[in-house]
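> My structure is below; once you've seen it, I'll send some questions.
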Amino acid sequence: MSRTLKQKLFEPPSIRQMAPGTKIIVYSILLLWTLFVLFPIYWVFITSFKTAVDVNAGPVFLPFIDFQPSLHAWKELFVFDYKDTLKAYSNSLIIALSSTIASVLIGSMAAYALARFEYKPKFGVILMFVIMMIIVFFAVGRYGVDWRLSCAVGVAIFVFLARALGHHFTKHLSNGDILFWMISQRILAPIVVVVPIYLMFQQVRLLDTHLAIILTYTVVNLPIVIWLMYDFFRSIPYDLEESAQLDGATRLGVFWDIVLPLSRTGLAATTLLVMILAWNEYLLALFLSTSKAQTMPILVAAMNAGERGILWWSMSVVIIVMIIPVIVLAIVLQRYISKGLLLGAVKG
């Protein structure tokens, strides 16, 4: 039986193939969406080769046709101001990569602990710890007590009081309360805590250092890592871990050799997200750095605040340079993320 033209175009030849007409429609839509998504990147790229006259003349799209490309913006950034650019770029790489690794490492262990163990911390003990920390901070800030001595005394007093009075408290929290508290720290606006963080690092003389910004970024991004990885760990069957423990594996060995490899798709997605957040962070870096530890977002802000106004051609160069590490990391982790999506699609 001969097939009509409509059947040939819109009826699939097999269950594993799309019909030719459907394939044309689908790929046309995907092509249009790809152009729509990539156009801003293309616009930034060509703007980096424009002069002030070309930018102010109006929208021009095609190099060598609508305008004559120029390398003046690239030379200005990498020839005349190359020291500041290289310094800010290296600072951003060191800080973003270090804080991302620390956040994912610590956050994954915390998420695994919350996914596998039931915690019941007593509310009174937690309140006692908070009060003791407030007293320690007040002693350091108000009376100038050495922070090392103050922290040591505060911890010793807290341990003594917790052991002596802890059994009198009855109300306790659960893992769900701990998770909610952690994610609430991320919901909190950074501007609320940036001044106390600044004063704290000022007391310990760590302002304008890589360590201060790395520690801050790590703590800020920990709630996201814990919240995301908690669901991935919960989806891993506990029978696998029990079988490994019966064979003599330790809890730490189970975590490193079984749980982490099985959750690498979640680790990839979480690492990429945390890297983007750390790479683009501006407010904390603005308060915690002055000259030695300035990052790329600070350099971009300085360019925007120049006497000549916003130099769009120079800004475009900086934007291109800034998105390169994120794109490289996304390409490296893409196969793990895609594999995780495919596994989730056929699960069950």
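The values are calculated or read from the model by the stated rules, or taken from the named source; none is laboratory data. On a predicted model such as this, the values are computed, not experimentally measured, just so you know. For neighbour counting, all protein chains shown are included, and Cβ atoms are generated from backbone atoms with ideal geometry for every residue, glycine included.
> Cβ-Cβ below 9 Å, separation at least six or inter-chain, first residue in segment 50-68 and over 15 Å from Ser314 (Cβ atoms) and β-branched (Val, Ile, Thr), second part of a helix (DSSP H, G or I) and at pLDDT 80 or above: which pairs?
Val60/Ile46; Val60/Asp54
> Among Gly154, Gly176, Gly144, which is surrounded by fewer than 16 Cβ atoms within 10 Å (Cβ to Cβ) and either within 30 Å of Glu242 (Cβ to Cβ) or at pLDDT 90 or above (or both)?
Sole residue among the options that is surrounded by fewer than 16 Cβ atoms within 10 Å (Cβ to Cβ) and either within 30 Å of Glu242 (Cβ to Cβ) or at pLDDT 90 or above (or both): Gly176.
> For Thr216, work out the one condition from (1) surrounded by fewer than 21 Cβ atoms within 10 Å (Cβ to Cβ); (2) assigned by TED's automatic domain parsing to the domain that holds Thr100; (3) in a helix (DSSP H, G or I) it doesn't fulfil.
If we test Thr216 against (1) surrounded by fewer than 21 Cβ atoms within 10 Å (Cβ to Cβ); (2) assigned by TED's automatic domain parsing to the domain that holds Thr100; (3) in a helix (DSSP H, G or I), just (1) comes out false.
> Within segment 108-132, track down each residue that is aliphatic (A, V, I, L, M), touching a residue at least 12 places away in the same chain (Cβ under 8 Å) and under 30 Å from Glu242 (Cα atoms).
Correct list: Met109, Ala110, Ala111, Leu114, Ala115.
> Next question, about the same structure. What are the residue pairs meeting all of these: first residue in segment 214-239, first residue under 16 Å from Asn175 (Cα atoms), second residue in a helix (DSSP H, G or I) and of a type in the set (Phe, Trp, Tyr), Cβ atoms under 8 Å, and 6 or more apart or on different chains?
Short answer, once both residue conditions are applied: Met229/Tyr112; Phe233/Tyr112.
> Which residue pairs have Cβ atoms closer than 9 Å, lie 6 or more positions apart in sequence or on different chains, and pair a first residue in segment 252-272 that is over 15 Å from Ser103 (Cα atoms) and small (Gly, Ala, Ser) with a second residue that is at pLDDT 85 or above and not in a helix (DSSP H, G or I)?
Ser263/Ile236
> Follow-up. Can you pull out every residue in segment 69-92 that is in a helix (DSSP H, G or I) and polar (S, T, N, Q)?
Within segment 69-92, Thr85, Ser90, Asn91, Ser92 meet the criteria.
> A further question on this structure: Yes or no: Tyr198 hydroxyl-bearing (Ser, Thr, Tyr) and closer than 25 Å to Leu288 by Cβ?
The answer is yes for Tyr198.
> While we're looking at this one, here's another question. Residues being surrounded by fewer than 14 Cβ atoms within 10 Å (Cβ to Cβ) and not small (Gly, Ala, Ser): count how many of those fall in segment 163-173.
6
> Working only within segment 238-271, note down all residues that are hydrophobic (A, V, I, L, M, F, W, C) and farther than 14 Å from Ser108 by Cα.
Of everything in segment 238-271, those that are hydrophobic (A, V, I, L, M, F, W, C) and farther than 14 Å from Ser108 by Cα turn out to be Leu240, Ala244, Leu246, Ala249.
> Still on this model: State the number of residues belonging to segment 81-107 that are closer than 19 Å to Ile319 by Cβ and either free of Cβ contacts under 8 Å to residues at least 24 places away in the same chain or not assigned by TED's automatic domain parsing to the domain that holds Leu228 (or both).
Qualifying residue count, segment 81-107: 4.
> Within segment 227-245, is there a residue that is part of a helix (DSSP H, G or I), within 17 Å of Ala102 (Cα to Cα), assigned by TED's automatic domain parsing to the domain that holds Leu329 and of a type in the set (A, V, I, L, M)?
Yes, that holds for at least one residue.
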